[in-house]
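The values are calculated or read from the model by the stated rules, or taken from the named source; none is laboratory data. On a predicted model such as this, the values are computed, not experimentally measured, just so you know. Neighbour counts run over all protein chains shown; Cβ positions are idealised from the backbone, glycine included. Areas reflect the complete protein model, heavy atoms only, side chains present, ligands, DNA and RNA absent. Shrake-Rupley method; radii C 1.70, N 1.55, O 1.52, S 1.80 Å.
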Amino acid sequence: MTQNVARANSTHGIHALSGTRADILDNVCEGNGFSGITVDLGAHATITNNLTQGNGLDGITLSRNASATLTDNVIQDNGRHGINVSQNSSLTASNNIIAHNDEDGIQVSDARATLTDNLIQHNGQPTSRFGIHVTTSSSAVLRHNTVTHSGLDGIRIQNTSEATISGGTSTQNGRDGIRVGGGTTRPGRSTAA
């Protein structure tokens, strides 16, 4: 699906589910009651060059064994997380801008993620949340991401989760640049100021 506007719907702007494969390209998803784009129930999506903003919950949601590759999207001003990955789902994301979301910029919970070269800024400010949050037995590889101006920690790893973090920058956050607690991490070269 390409060059669509999904605006002010009661639930999701775009919803891929039940084992489908979707290419989601050059769409605008804004002001929807739940999420701008949801990939669910074992579906897989390639999500490229979309704008998802001002949705009631997440900009993009992956849940219940879903998987997605996200590239060159702008995900901003959503009511919960910019990207929410949960329930054994898997995310690969590169070169996205995730900004001004009310809670976490990216939350990975009971899931897996590889995040590369993303700009994650001004998230979690009204709720004292995180730029990147890896929690609840999750695993993540974080490479060359820039995380700034988060409400609390730039990157938070907790609750028996594991992350490999390298080559990134985490600056000007409300508390720590990178905070590890209640789990395991393998840090590489990362700067935190």
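Results for (1) touching a Leu at 6+ places or on another chain (Cβ under 7 Å); (2) touching a residue at least 40 places away in the same chain (Cβ under 8 Å); (3) under 14 Å from N101 (Cβ atoms), shown as yes or no for each residue.
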site: G13; (1), (2), (3): no, yes, no
site: A22; (1), (2), (3): no, no, no
site: V28; (1), (2), (3): yes, no, no
site: G42; (1), (2), (3): no, no, no
site: A45; (1), (2), (3): no, no, no
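Only one entry in A99, A111 is out of contact with any Lys or Arg (no Cβ under 7 Å at 6 or more places or on another chain), among the aliphatic types (A, V, I, L, M) and more than 15 Å from I155 (Cα to Cα), namely A111. Counting only strands (runs of 3 or more DSSP E) that sit wholly inside segment 1-86, those with at least 3 residues that are closer than 26 Å to H122 by Cα are 5-7, 28-30, 37-40, 44-48, 51-53, 60-63, 67-71, 74-76, 83-86.
The single condition among (1) open to solvent by less than 60 Å² (accessible area, probe 1.4 Å); (2) over 20 Å from S35 (Cα atoms) that A99 does not satisfy is (2). Please indicate, with yes or no, whether at least one residue in segment 51-62 is surrounded by 24 or more Cβ atoms within 10 Å (Cβ to Cβ) and among the hydrophobic types (A, V, I, L, M, F, W, C). Checked segment 51-62: at least one residue is surrounded by 24 or more Cβ atoms within 10 Å (Cβ to Cβ) and among the hydrophobic types (A, V, I, L, M, F, W, C).
Scanning segment 162-179 for residues that are of a type in the set (G, A, S) and either farther than 20 Å from L119 by Cβ or surrounded by fewer than 18 Cβ atoms within 10 Å (Cβ to Cβ) (or both) yields S166, G167, G174.
If you go through segment 74-88 and keep only what is within 11 Å of the chain's Cα centre (by Cα) and open to solvent by less than 40 Å² (accessible area, probe 1.4 Å), you end up with I75, H81, G82, I83, N84, V85, S86.
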